[in-house]
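Colleague: My questions will all concern the structure given below.
The values are calculated or read from the model by the stated rules, or taken from the named source; none is laboratory data. Please read all numbers here as calculations on a predicted model, not as lab measurements. Because the Cβ atoms are built from the backbone with ideal geometry, glycine has one as well, and the counts that use them run over all protein chains shown. Quick note on the areas: whole protein, heavy atoms, side chains included, nothing else; ligands and nucleic acids left out. Shrake-Rupley method; radii C 1.70, N 1.55, O 1.52, S 1.80 Å.
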Amino acid sequence: MVRGSKCYKVLQARGNANFRCLISPGCKAATEAPAEGTILRRNAAPISDSGYCRSFNYAAFSSTKCSQPESCTRIPLNLMRALANRSIDVSSLGASSSVQRTPVCSGSTGLIGSGGGLQSVRHLQTLAVTPTGPKIIKADTEETIEVSVDGHSLQIPKGMTVLQACEVAGKEIPRFCYHSRLSIAGNCRMCLVEVEKTPKPVASCAMPALPGMKIKTDTPLVKKAREGVMEFLLLNHPLDCPICDQGGECDLQDQSMVFGSDRGRFTDTKRSVVDKNLGPLVKTVMTRCIHCTRCVRFASEIAGVPDLGVLGRGGSEEIGTYVENLMTSELSGNVIDICPVGALTSKPFAFTARSWELKSTESIDVSDALGSNIRIDSRGPEVMRIIPRLNEEVNEEWISDKTRFSYDGLKRQRLNEPMIRRPGGYLEPVTWRAALSAVAQAVHQVKPEEMAGVVGKLADAESIIALKDFLNKLGCENTWCEGIGANIDADVRSKYLLNTTIAGVENADVFLLIGTQVRKEAPLLNARIRKAVRNNRAKVATIGPPIDLTYDHEDLGDGTDALIQIAEGKHPFSTLLSKAQHPVVIVGAGVFERSDKDAVMAVVETIVDQAKVVRDDWNGFNVLLLEAAHAAALDLGFVPGVTAKLLSKDHLKFLYLLGADDIKPDDIPKDAFVVYQGHHGDRSAYRANVILPGAAFTEKEGTYESTEGRTQQTSPAVPSVGDARDDWKIIRALSEVVGVQLPYDSVSAVRARFLAVSPNLFRVDELEPPTVWPQSITPRSSSSKIESSPFIKAIDNFYMTNSICRASRTMAQCTSAFANLKQI
Amino acid sequence: MSWRGQLSQIVRELRIHFCQTSSSSDATREFILKNYKDLKTLNPGLPILIRECSGIQPRLWARYAYGVERSVPLEGLTEPQITAKLEELSKYAS
Amino acid sequence: MVLAFLRSTIKAAKDNGWKAALEEVKKQGLVTSLLDGNLLATKLWTDDGARLVGVDKLGNKYFEKKVNSQFGRHRWVEYADKKQYNASAVPPEWHGWLHYITDHTPEQLEDLKPARYGIEHKLNRSGEGDAYIYHSKGHALNPKQRNWTRYEPWQPT
C-alpha cells in the first residue's frame, strides 16, 4: 500500500458468501455480506457508520444489474455509471505506469480469485487505473447486450468496445496506443484478440462489441499475435533500458515480459531518429518512440495545441513538431505519463532516480486552487518528482506543468532556522525560544487594533484557524487573505466557490468567463471547459484580457461595457445565455481586488438572475479562486471583522504574515514589526523582523479546500527542513509564550476546532455543496458604481505565482523559454 | 428590534451551522432566509458565516471579543425560538 | 654484475677521484641493495649479461636477459627510486612488456597505437600517509568535504 493512501478496499462477493476484503485481511469492517446489489457508498474513510467498508460493490457478474444506481447520492452519476459499466481499465501489469495505482473496486468478482489466491492478489496489486485510465462513458442508454469472453457470458452496455468488454470480464488486454481518455487509434495492434467467426484477429480497442460475440483472449492465435506484434515493436527499439528513465515503469518492458517471446530474429541495423527539442520540460529520445501517437492525440484533443504530429510513414516515421517549435501547452508534462516508452520523459527528472527507489506519498497540489491530486515520489529527504493521481472529479489524470515541475523550488531558498533582525539590519539565526520571545515582546507593546494578520497563498487550514484564534484572543480583527482583496464577504459560501463543480463543468453548454484567464489560473478547469466545447459544442465568451484558450471563444473585450450590456439584455450573447440548458458563469477572483467589486458582482447577479443560471438542479454561478488557501480561509472566516481598521495603514504596528509573499513593502509602515512565518526566503522575508520557519506542503499534513469546496489533505512526504516546524504548532507555541494559550495540542484537536467553525473542513475528500440562497438574501450595497476600468490579468507569469515556483530553476527556464507565448 | 442593531457591538462573529437537506435544519434555513438580510444591513461589518455540512445538527455560534465563544444547539427549535436564542447570545457581555 | 660494478667504480676512481667513486657507488645503489633483498638478488644473480632495453621517463631501467636465464624471469625492472618503490611505479607503456604480455617496447607501441590523451603516470602511494589516504566526499577527514544537505538554506543578503 502506498504510504498515506486511503484504504480503498476491494470487496469480493461471490453471490452472497465470502464477503471479505482482499487488501487488509485484519480489517474489522464488512464481516457480514450485505445483500447482493446493495450499493455501499464509496468514500475515502474506510469504515462507515454502519460498519461496512465503504466501497462500491456492483453485482455485475451475477448477470443482474444494480437496481438502484440513482439512489447513491455521493457519486456523480456519470462516475457511477462508469464504475457500473466496468470501464475501469486494468492496466497491463507490474509497475507499468507512472500514475498512482489506486486500487479501486474492480468488481471483477467471479473471475478474480477463481484462478487461485496468489494470482488474484497479484492481480489486485497491479490493479491500476492507469495508464489508460478509467473512462467515463456517458451511457446514453441503459441497454445492455450479452457477449461472452473466454466462455464467461456477461452483460455490457451497448456501445462498448471489445477491449472494454474484456475488461469488464476482468481480462487484461495489452495495449500501447489505446488510452481511455483519448480517441481510438488502433495502430499498435497489441490488443488483438480472437473473435469467433472472424477471419483475422481483431483490434479489440477499435471493434465495437456486438451482441452474441464470442471473444477469446487466451488462444494460441492470440498469443502468437501478441508475440509477433511485440517482436515487431522491439525490432527498431534501441537497447536503452539501462539508460532510459522509463526503466522500471515501462509498458514495453512489462508487456514484453508477459506477452512477448524470449527471442527476436532481427539481425539488421536498427533505425534511429533525431531527437526533438520540445522545451525545458519534456526530454525526447525519439529513437525509442513506437509511434503509438498517444502524445499527438493528447496534444490535439486534451491540451488543445496542435503541436505534435506524425511525419513520414513506415520506417521513416517520426513524431515531432516539424517546425521546431516547443510544446506550448501548460499541460505538456502529461505526455510524459502517457508515453508508454521512454521516448518522452521528464527533463528535470532525467537520470536522477529510478522508480523502485522512490517512496510514494499521496498528496494534494497547492500551486492553484483546484486541489489536483498528486503523488509525491521522494527518495530520502528530497522530493524527486510529482506525478498525478487519479481523481475523476478534480483533475482526472492530468496535472499542469507548474504542479509537476516546480518541486525543485522546494530545495532552494529554504528557511531553516528562526531569525531575528538586529538593529544593524542584518538577520541573525536564533533559537526558537528567543524568536518566540521576541515576537511576544512585540505583541505586548502594541494595541489590538494596531495588529494585523495576513494569510498567504499556500497556508493550510490548520494554521489559518490557529492564526485566527490567536489574533482573536488578543482582540485583533484585522485579518485578511492576500490576493483576494480586503473587503470580501465570506458569509455565503456559494458566493465564492465553484458551485458547478469541476466535473459538472463538462456538462455545460454556454460559458461566460468574466475577468478570468482560465488557462493560466486553473489549467485543468480549462481542460474541462475544452471538453465541454468539444463534446457539447459549448459556446464560450470571455470578458477580460485577451488570451488563447485552446478552443474557440468569443472575446467580448476587457471592459465592463459588455458586462453591462449583457445584464441589460442588449448584447447578442445574452440571448444565447438565456436559451442555454446548462449555462455557466465564471467570475475570476481577480475581480475581488477591484474597488468597484460590489457593483460588478451586482451586475453579474443580474445576469445570473435573468438567464436563470441558477436553477433547482443546476447551479451555474461560479467564482474561480486563485490560490489554494483562499477557500479554506474564507470558510473559516478569515476576513476583516467588526473592529477592523485596515485602510489606515499608518496604524499598523504589528503584522503577522503566514507565508504571504505578495505584500508590497510600501504598504507596510517603516516602523511596523513584521513576523514572517513561511518556508521560503521570498520577498516578505527581506522585510521581516522575525522569521519563523514553517513547513512546505510536501512536509506537513495539512487540510486544503479547493475552489469547488472539496476538502483534501496533504500528507508529509519528506521531513521538514532544518529547524522548521508545522505552521499551526508554531502559532500554538507562540500563543503560549504570549499568554493566550490556544486550546488545542494535537492535530486532531485542531481539526475538532474545524467542527466548531466550518464543519465542512472536517469532512476530508468530500464536497459539501453550498446551499443556494435567493439573490434577495444579501443586502445590495448601492454605494459603489461600476467603473470603466478594464479587467486586468490576475496572473502575469504563469510559471511564477508562488514562493516555491519563484525559487525553482525549472520554472525559470520555462519562463525564458516560453516568454513570448501568449499564455504566459 | 434594537438589539439587532447593537449586535456587532458585542458579537464579533456569528456562525450558523446547518445541514443542507435534513429536516432538523429546516427551521434554521428558514431563519436565515428571513433574518440574514436584516441582520446584515444593520451590521454590515459583522461576519455572519453561513456554513452548511451534511448530516450535522444545526448550531448557532457567537464569537465575542478576545476569542470567547458561545454556541447553542438549534435542533428542534422553531424560527422564532432561534431568533430568541440569537437575542440571548447578543446580550452576553463579559 | 659485481664485476661490472667494480669496473665502473674503479673507472670512476681512476678518472675523477675517490669522491666520484663514492658517487658511483651511491648511484649504483649498492648500499641500499645490501639491505633490500630484492635489489640485491637482482644485482647479484641476474644482472650479468643483461641487456638494458630502455629507460622510462621516471628513470626506471628495464633489462632483458635471454641467454642463461630462466624463461619467465628474463625481463625485469630496476626502479629509479631505490627507497620508495612498488609495482605501480611502472608506467603503463612498459607494463605490457615487463609482464610478458607483449614484446613491444613503448616506442613500438607508440607507433601502433593512435594518439591518446592522458595524464602523466605517477606511482601509487595510497595508504602511505595522511596525504595519500583517500577519503570520500562525505568523510570528515576530507578537506573538501561536501555538504550533503539536500536543500539550500536562504541566505539573507
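Colleague: Can you tell me which residues in segment B:38-52 are within 19 Å of residue A:771 (Cβ to Cβ) and at the interface with another protein chain (Cβ under 7 Å from one of its Cβ atoms)?
Modeller: B:40, B:47, B:48, B:49, B:50, B:51, B:52
Colleague: Those residues that are without any contact (Cβ under 8 Å) to a residue 12 or more places away in the chain and surrounded by 18 or more Cβ atoms within 10 Å (Cβ to Cβ), I need them from segment A:211-264; list them, please.
Modeller: none
Colleague: Filter segment A:637-677 down to the residues that are within 14 Å of chain B (Cβ to nearest Cβ) and among the polar types (S, T, N, Q) and list them by number.
Modeller: A:643
Colleague: Checking residue A:301 against (1) over 28 Å from the mean Cα position of the chain (by Cα); (2) open to solvent by 20 Å² or more (accessible area, probe 1.4 Å), which single condition isn't satisfied?
Modeller: The one condition residue A:301 does not meet is (1).
Colleague: Here is a follow-up. Any chance segment A:397-404 includes a residue that's part of a loop (DSSP other than H, G, I, E, B) and polar (S, T, N, Q)?
Modeller: For segment A:397-404, residues part of a loop (DSSP other than H, G, I, E, B) and polar (S, T, N, Q): present.
Colleague: Quick one: is residue B:55 loosely packed, with under 14 Cβ neighbours inside 10 Å, away from chain A (no Cβ under 11 Å) and either in contact (Cβ under 8 Å) with a residue 60 or more places away in the chain or not aromatic (Phe, Trp, Tyr) (or both)?
Modeller: no
Colleague: So, one more: With the checklist (1) more than 28 Å from residue A:479 (Cα to Cα); (2) touching a Gly at 6+ places or on another chain (Cβ under 9 Å); (3) of a type in the set (Asp, Glu) in hand, flag the one item residue B:13 doesn't pass.
Modeller: (1)
Colleague: Could you list all residues from segment A:309-359 that are in contact (Cβ under 8 Å) with a residue 12 or more places away in the chain and part of a strand (DSSP E or B)?
Modeller: Those that are in contact (Cβ under 8 Å) with a residue 12 or more places away in the chain and part of a strand (DSSP E or B): A:309, A:310, A:318, A:319, A:320, A:344, A:345, A:346, A:359.
Colleague: Ok, one more. So which strands (runs of 3 or more DSSP E) are wholly in segment A:641-728 and hold at least 1 residues that are at negative phi and hydroxyl-bearing (Ser, Thr, Tyr)?
Modeller: Filter on segment A:641-728 gives A:654-658, A:673-678, A:703-705, A:711-713.
Residues checked against (1) of a type in the set (Lys, Arg); (2) within 25 Å of residue A:704 (Cα to Cα); (3) within 14 Å of chain C (Cβ to nearest Cβ):
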{"residue": "A:319", "(1), (2), (3)": "no, no, no"}
{"residue": "A:343", "(1), (2), (3)": "no, no, no"}
{"residue": "A:384", "(1), (2), (3)": "no, yes, yes"}
{"residue": "A:395", "(1), (2), (3)": "no, yes, no"}
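For every residue, the table says whether it meets (1) closer than 18 Å to residue A:739 by Cα; (2) of a type in the set (Ser, Thr, Tyr); (3) open to solvent by less than 10 Å² (accessible area, probe 1.4 Å); (4) away from chain B (no Cβ under 14 Å).
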{"residue": "A:427", "(1), (2), (3), (4)": "no, no, no, yes"}
{"residue": "A:434", "(1), (2), (3), (4)": "yes, no, no, yes"}
{"residue": "A:440", "(1), (2), (3), (4)": "yes, no, yes, yes"}
{"residue": "A:444", "(1), (2), (3), (4)": "yes, no, no, yes"}
{"residue": "A:461", "(1), (2), (3), (4)": "no, no, yes, no"}
{"residue": "A:464", "(1), (2), (3), (4)": "no, no, yes, no"}
{"residue": "A:473", "(1), (2), (3), (4)": "yes, no, no, no"}
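Colleague: Scan segment A:739-790 residue by residue and report those that are among the basic types (Lys, Arg), more than 8 Å from chain B (Cβ to nearest Cβ) and within 29 Å of residue A:471 (Cα to Cα).
Modeller: Those that are among the basic types (Lys, Arg), more than 8 Å from chain B (Cβ to nearest Cβ) and within 29 Å of residue A:471 (Cα to Cα): A:751, A:753.
Colleague: While we're on this one: Of all residues being over 13 Å from the mean Cα position of the chain (by Cα) and over 15 Å from residue B:60 (Cα atoms) in segment B:21-42, which is surrounded by the most Cβ atoms within 10 Å (Cβ to Cβ)? Just the residue, please.
Modeller: B:42
Colleague: Which condition from (1) of a type in the set (S, T, N, Q); (2) open to solvent by 30 Å² or more (accessible area, probe 1.4 Å); (3) in contact (Cβ under 8 Å) with a residue 12 or more places away in the chain is the one that residue A:816 breaks?
Modeller: (3)
Colleague: Could you give every pair whose Cβ atoms fall below 7 Å, whose first residue belongs to segment C:47-66 and is free of Cβ contacts under 8 Å to residues at least 24 places away in the same chain and part of a loop (DSSP other than H, G, I, E, B), and whose second residue is charged (D, E, K, R) and open to solvent by 30 Å² or more (accessible area, probe 1.4 Å), counting only separations of at least 6 or pairs across chains?
Modeller: C:65/C:51
Colleague: Of the residues A:747, A:772, which is surrounded by 14 or more Cβ atoms within 10 Å (Cβ to Cβ) and over 23 Å from residue A:591 (Cβ atoms)?
Modeller: Just a single option satisfies the conditions, and that option is A:747.
Colleague: Now a separate question. Looking at segment A:546-555, can you tell me whether even one residue there is of a type in the set (Asp, Glu), open to solvent by 10 Å² or more (accessible area, probe 1.4 Å), in a loop (DSSP other than H, G, I, E, B) and free of Cβ contacts under 8 Å to residues at least 60 places away in the same chain?
Modeller: Yes; the residues of segment A:546-555 include at least one that is of a type in the set (Asp, Glu), open to solvent by 10 Å² or more (accessible area, probe 1.4 Å), in a loop (DSSP other than H, G, I, E, B) and free of Cβ contacts under 8 Å to residues at least 60 places away in the same chain.
Colleague: Name every residue in segment A:482-524 that is open to solvent by 10 Å² or more (accessible area, probe 1.4 Å), under 26 Å from residue A:788 (Cβ atoms) and charged (D, E, K, R), in order of residue number.
Modeller: Those that are open to solvent by 10 Å² or more (accessible area, probe 1.4 Å), under 26 Å from residue A:788 (Cβ atoms) and charged (D, E, K, R): A:489, A:495.
Colleague: Just to be sure I understand, how many residues within segment B:58-86 are within 9 Å of another protein chain (Cβ to nearest Cβ) and surrounded by 18 or more Cβ atoms within 10 Å (Cβ to Cβ)?
Modeller: Here the count works out to 5.
Colleague: Under the condition of being part of a loop (DSSP other than H, G, I, E, B) and of a type in the set (Ser, Thr, Tyr), which residue from segment A:416-453 is modelled with the highest pLDDT?
Modeller: A:431
Colleague: Quick test of your reading of the structure: residue A:722 fulfils all but one of (1) away from chain C (no Cβ under 14 Å); (2) in contact with a strand residue (DSSP E or B) (Cβ under 9 Å, 6 or more places away or on another chain); (3) open to solvent by 10 Å² or more (accessible area, probe 1.4 Å). Name the failing condition by number.
Modeller: Exception for residue A:722: condition (1).
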